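S.K.: Right, I'll just put the structure down here and ask away after.
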Amino acid sequence: MEKQTINVLRIGGYMLKWLLITAILGVIMGSLSAFFLNSLTLVTNFRLTHTWLLFLLPVSGAIFAYLYTNYGGNSSRGNNLVIDQGNGGEEKVPLRLIPLTLFGTITTHLFGGSVGREGTAVQMGGALADNLSRVFKLDQLEREILIISGISAGFSSVFGTPLAGTLFGLEVLAIGKVRTEALFPSFFAAIFANLMTESFGVIHTHYPMGEIPAWSGRLFVKLMLAGIIFGLCGWVFSRSIVFLKKVYAHWFANPVLRNFMGGAIVVLVAVVLQTQRYLGLSLPLLQDAFNGNAHPFDFLGKLGFTILSLGAGFQGGEVTPLFEIGATLGASLAPILHMSIPFLAGLGFIGVFSGATNTPIACFIMGIELFGSEAAVYFFLICLVSFMCSGNNGIYSAQQITVKKGIFFTPLLESFRNKQK
């Protein structure tokens, strides 16, 4: 009886401790996200009415490259720095990462860089969590848990998806391993941050998938094919950014010059194509995809401009562009596969994201949060197939590979090879 009482008190103390810490984390992170999202709305609207701002993109990139190089320290590692610390790294995530990534991303959107929002939120959440861990004098494991919670809080508050945000923080650190020890703190950090963001009047847009088709053998084949295509698209996205970063680093050793020239290339391509449709957040692409008004090659346009922007080193995330690439790709595939356009756009929305980030469970839950549970089986199928077909390396180079995809088939392949010999 005494042991049970002690155990109950211990669990109660654990819960109260993490509720307090994550409430503080959530309030601050949610406020930062609200400021960030409202700022993005303002600068996007301003850029759309002052299209000449695009020509200043190279200058803004060069300025922030200079700031990162001379004053950022290890902040330039961005998301990968945060992921490394969540995996047990011992580097400090500096508090100055918050203003650098926050205003760097806002500036990139002001001048038309094709980037997203999640990277900024994850970095702010990780930096905030690491610094709070020192305030509360947490040990190494508790520090990792709080950083994971910071990732969840950032993701949740930016996209309005607390359940997906919870699982994203647990799942993104490593392929083949989910950090369930951080489940309680991550959930409440995600909840508190999202509530705080919404308290500022931030509204997250939802898109209807239309009628959900009945299950059939023919539909299964079509979904498998679509899932493979979504996974390959995620692979192209992640590998292209890595490739372009290497090319730019080889051509321009100076990061300031690298960002300037990379920005100039984005401007040149936009001028040659005579379009700004794919610059900035490009949220109208999602509306067009679900309404059936997307251009056939919108996914290629957004894919190309995002690769050029992120490959040059501009600040911002990858996830919102992945949503748009996936939704427009799904909308383009739908007539070919004789499927409902909004239905396949919704599957592409989460499918390409799953393949590029290697977080199929979080993407599955996001599908339910955004589109409802009626298509849950289809969400899971698409996320798993895309995940399996996108390779072991996603958009986060620091993501550990605990278990390689398809590892269970390795003994079968080796046995077959031995028989052939």
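S.K.: Please work out if Leu102 is out of contact with any His (no Cβ under 9 Å at 6 or more places or on another chain) and under 28 Å from Leu132 (Cα atoms).
M.R.: On the way: out of contact with any His (no Cβ under 9 Å at 6 or more places or on another chain): yes; under 28 Å from Leu132 (Cα atoms): yes.
In short, yes.
S.K.: Same structure again: Give segment 172-187 a look and list any residue that's surrounded by fewer than 24 Cβ atoms within 10 Å (Cβ to Cβ) and assigned to a helix (DSSP H, G or I), or say none.
M.R.: Thr180, Glu181, Leu183, Phe184, Phe187
S.K.: Taking interchain pairs and intrachain pairs at least six residues apart, which have beta carbon atoms under 7 angstrom, with the first residue in segment 262-284 and within 20 Å of Gly317 (Cβ to Cβ) and the second modelled with pLDDT under 95 and open to solvent by 60 Å² or more (accessible area, probe 1.4 Å)?
M.R.: Gln276/Thr51
S.K.: Another question about this same structure. What about Gly126, is it part of a helix (DSSP H, G or I) and either of a type in the set (Gly, Ala, Ser) or more than 24 Å from Glu171 (Cα to Cα) (or both)? I'd like the intermediate steps shown before the answer.
M.R.: On the way: part of a helix (DSSP H, G or I): yes; either of a type in the set (Gly, Ala, Ser) or more than 24 Å from Glu171 (Cα to Cα) (or both): yes.
The answer is yes for Gly126.
S.K.: Return yes when Thr108 is in contact with a strand residue (DSSP E or B) (Cβ under 7 Å, 6 or more places away or on another chain) and surrounded by 24 or more Cβ atoms within 10 Å (Cβ to Cβ) and no when it is not.
M.R.: When the stated conditions are applied, Thr108 does not pass them.
S.K.: Among the candidates Leu25, Leu48, Leu56, Leu42, which residue alone is part of a helix (DSSP H, G or I), under 26 Å from Gly104 (Cα atoms) and open to solvent by less than 40 Å² (accessible area, probe 1.4 Å)?
M.R.: Going through Leu25, Leu48, Leu56, Leu42 in turn, the sole match is Leu25.
S.K.: Being more than 17 Å from Gly116 (Cβ to Cβ) and open to solvent by less than 10 Å² (accessible area, probe 1.4 Å) is the filter here, so list the residues in segment 339-357 that pass it.
M.R.: Residues satisfying the conditions are Phe343, Leu344, Ala345, Gly346, Leu347.
S.K.: Assess whether Phe314 counts as being within 17 Å of the chain's Cα centre (by Cα), of a type in the set (A, V, I, L, M, F, W, C), open to solvent by 10 Å² or more (accessible area, probe 1.4 Å) and closer than 25 Å to Leu40 by Cβ. Spell out the reasoning first.
M.R.: Working: within 17 Å of the chain's Cα centre (by Cα): yes; of a type in the set (A, V, I, L, M, F, W, C): yes; open to solvent by 10 Å² or more (accessible area, probe 1.4 Å): yes; closer than 25 Å to Leu40 by Cβ: yes.
Yes.
S.K.: Additional query: Can you confirm whether Gly30 is in a helix (DSSP H, G or I), farther than 18 Å from Gly112 by Cβ and open to solvent by less than 10 Å² (accessible area, probe 1.4 Å)?
M.R.: yes
S.K.: Those residues that are among the β-branched types (Val, Ile, Thr) and under 25 Å from the mean Cα position of the chain (by Cα), I need them from segment 253-268; list them, please.
M.R.: Residues satisfying the conditions are Ile265, Val266, Val267.
S.K.: I need a count of the residues in segment 237-261 that are in a helix (DSSP H, G or I) and either of a type in the set (Val, Ile, Thr) or more than 30 Å from Phe387 (Cα to Cα) (or both).
M.R.: So the count comes out to 12.
S.K.: Out of the residues in segment 59-105 that are open to solvent by 50 Å² or more (accessible area, probe 1.4 Å) and under 23 Å from the mean Cα position of the chain (by Cα), state the one that is nearest to Gly316 (Cα to Cα).
M.R.: Checked segment 59-105; the qualifying residue nearest to Gly316 (Cα to Cα) is Phe103.
S.K.: Mind checking which residues of segment 211-236 are open to solvent by 50 Å² or more (accessible area, probe 1.4 Å) and either modelled with pLDDT under 95 or over 26 Å from the mean Cα position of the chain (by Cα) (or both)?
M.R.: Glu211, Ala214, Trp215, Gly217, Arg218, Phe220, Val221 - these are the residues of segment 211-236 that are open to solvent by 50 Å² or more (accessible area, probe 1.4 Å) and either modelled with pLDDT under 95 or over 26 Å from the mean Cα position of the chain (by Cα) (or both).
S.K.: Tally the residues that are surrounded by fewer than 18 Cβ atoms within 10 Å (Cβ to Cβ) and either in contact with a Cys (Cβ under 6 Å, 6 or more places away or on another chain) or β-branched (Val, Ile, Thr) (or both), restricting the search to segment 237-264.
M.R.: Qualifying residue count for the region: 2.
S.K.: Then there's this: Tell me yes or no: at least one residue of segment 231-240 is in contact with a Leu (Cβ under 9 Å, 6 or more places away or on another chain), under 30 Å from Gly73 (Cα atoms) and of a type outside the set (Val, Ile, Thr).
M.R.: First, pick out the residues of segment 231-240 that are in contact with a Leu (Cβ under 9 Å, 6 or more places away or on another chain): 233-234, 236-237, 240.
So of that shortlist, the ones also under 30 Å from Gly73 (Cα atoms) come out as 237, 240.
Okay, now just the ones that are also of a type outside the set (Val, Ile, Thr), so 237, 240.
Yes, because at least one residue in segment 231-240 is in contact with a Leu (Cβ under 9 Å, 6 or more places away or on another chain), under 30 Å from Gly73 (Cα atoms) and of a type outside the set (Val, Ile, Thr).
The values are calculated or read from the model by the stated rules, or taken from the named source; none is laboratory data. Quick caveat: nothing in here was measured; it's all calculated off a predicted structure. A quick note on method: Cβ atoms are made from the backbone with ideal geometry, for glycine too, and the neighbour counts reach across all protein chains shown. We work out accessible area using only protein heavy atoms, side chains counted, and drop any ligands, DNA or RNA first. Shrake-Rupley method; radii C 1.70, N 1.55, O 1.52, S 1.80 Å.
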